[in-house]
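First up is the structure itself, then whatever we jot down about it.
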Amino acid sequence: MKRLGVNIDHIATLRNARGEGHPNVIQSAKKIMKFGAHSITVHLREDRRHIKDKDLFLLIKSKIPINLEMAANPKMLKIALKRKPKYVCLVPEKREEITTEGGLNISKNKKIIKKIIIELNKKKIRTSLFINPNKKDIKLAKDLGSNCIELHTGKISILIKKKKKFKSELKKIISCTKYAKYLNLEVHAGHGIDYRTAKFLSKIDGIEEFNIGHFIIGESINIGLLKVIKTFKKIISTK
Ligand code: PXP
């Protein structure tokens, strides 16, 4: 069975817009799990623009299976070792980016990535590296001892959304998945995935986990609006 991890960063974005407690990130995470997701992903960014340290603490305290996305640096390693999420996915991080723009540059950061993987694996925290679909990084991920890779699906998602040719990117993702499975790595996919992209990617044997955020939160607003408007109309027209 393919697993669904839901990224809740943008629930926190919405909450932070008012600096109060609504929507409640912990309650939302609990609901998402109750509705059938397999894990909750949060990206604790250096600038803490959405998820905050307290959110991570409370989510883990609530026994929710957390996949912590984090930059590969000693500060974040310290937090991960203290909080002990179930899973960690190392991602590149640039302060000025709107979202995670590409995969990790593993060759350039080998030493720190290896150290983090060793420390996390010692604590039985599953490790994953977020990479652009390419075999060189898959081999490096294996050599550094990572348990999983997460293939960056941003490029194929944009091609599909813009109705451009995407078959060659799809082929690349298929052959990377095969290669990673051959090396005994677990394969995940994430970034920019909507219903249409998910339909194509879910046909690929070997992708075991999808981590999806922005579309799920955005679409939940579309779907939820009817109920909320009806509730408000009832309240304001009742004396
Ligand atoms: N996977 C990783 C590693 C990410 O960095 C992100 C974005 O935070 C996602 C998945 C989810 O991407 P999206 O919000 O576009 O679905």
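Laid out as a table, the results:
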| read-out | value |
| --- | --- |
| Test: residue in the stretch 228-237 that is farther than 17 Å from residue 104 by Cα, more than 14 Å from the ligand (Cβ to nearest atom) and not in a helix (DSSP H, G or I) | yes |
| Given (1) of a type outside the set (Asp, Glu); (2) under 21 Å from residue 189 (Cβ atoms); (3) surrounded by 20 or more Cβ atoms within 10 Å (Cβ to Cβ), index of the condition residue 12 fails | (2) |
| Flag if residue 66 is within 20 Å of residue 209 (Cα to Cα) and not basic (Lys, Arg) | yes |
| Residue among 146, 128 that is among the polar types (S, T, N, Q) and assigned to a strand (DSSP E or B) | 128 |
| Residues (part of a loop (DSSP other than H, G, I, E, B) and surrounded by 19 or more Cβ atoms within 10 Å (Cβ to Cβ)) located in the stretch 179-216 | 185, 191, 192, 193, 213 |
| Some residue of the stretch 164-183 being within 17 Å of the chain's Cα centre (by Cα) and away from the ligand (no atom under 11 Å from the Cβ) | no |
| Selection count where residues are part of a loop (DSSP other than H, G, I, E, B) and within 13 Å of the ligand (Cβ to nearest atom), scope the stretch 1-29 | 1 |
| Which listed residue is more than 16 Å from the chain's Cα centre (by Cα) and of a type in the set (Ser, Thr, Tyr), from 128, 107 | 107 |
| The one condition in (1) crowded, with 23+ Cβ neighbours inside 10 Å; (2) touching a helix residue (DSSP H, G or I) at 6+ places or on another chain (Cβ under 6 Å); (3) acidic (Asp, Glu) that residue 150 fails to fulfil | (2) |
| Members of the stretch 38-66 that are among the aliphatic types (A, V, I, L, M) and more than 13 Å from the chain's Cα centre (by Cα) | 56, 58, 59, 60, 64 |
| Qualifying residues in the stretch 67-83 (those that are assigned to a loop (DSSP other than H, G, I, E, B) and under 22 Å from residue 187 (Cα atoms)) - the one farthest from the chain's Cα centre (by Cα) | 72 |
| Residue match in the stretch 75-91 (condition: more than 15 Å from the ligand (Cβ to nearest atom), surrounded by fewer than 16 Cβ atoms within 10 Å (Cβ to Cβ) and closer than 19 Å to residue 208 by Cβ) | no |
| Residues located in the stretch 184-197, provided they are under 28 Å from residue 68 (Cβ atoms) and more than 10 Å from the ligand (Cβ to nearest atom) | 184, 185, 186, 187, 195 |
| Conditions (1) within 16 Å of the ligand (Cβ to nearest atom); (2) within 30 Å of residue 83 (Cβ to Cβ); (3) of a type outside the set (Gly, Ala, Ser): number failed by residue 158 | (2) |
| Where residue 92 falls short, out of the listed (1) part of a loop (DSSP other than H, G, I, E, B); (2) farther than 16 Å from residue 190 by Cβ; (3) in contact with a helix residue (DSSP H, G or I) (Cβ under 9 Å, 6 or more places away or on another chain) | (2) |
| Whichever residue in the stretch 95-124 is in contact with a strand residue (DSSP E or B) (Cβ under 8 Å, 6 or more places away or on another chain) and not in a loop (DSSP other than H, G, I, E, B) and, among such residues, is surrounded by the most Cβ atoms within 10 Å (Cβ to Cβ) | 116 |
| Pairs with Cβ under 7 Å, 6+ apart, first in the stretch 136-161 and more than 16 Å from residue 181 (Cα to Cα), second within 14 Å of the ligand (Cβ to nearest atom) and of a type in the set (Gly, Ala, Ser) | 152/102; 152/103; 153/189; 153/190; 153/192; 154/192; 157/192; 158/192 |
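A short reminder: the numbers here are calculations on the coordinates, not readings from a lab. All values reported here derive from a predicted model rather than from experimental measurement. Cβ: placed from backbone, ideal geometry, glycine included. Neighbour counts: every protein chain shown.
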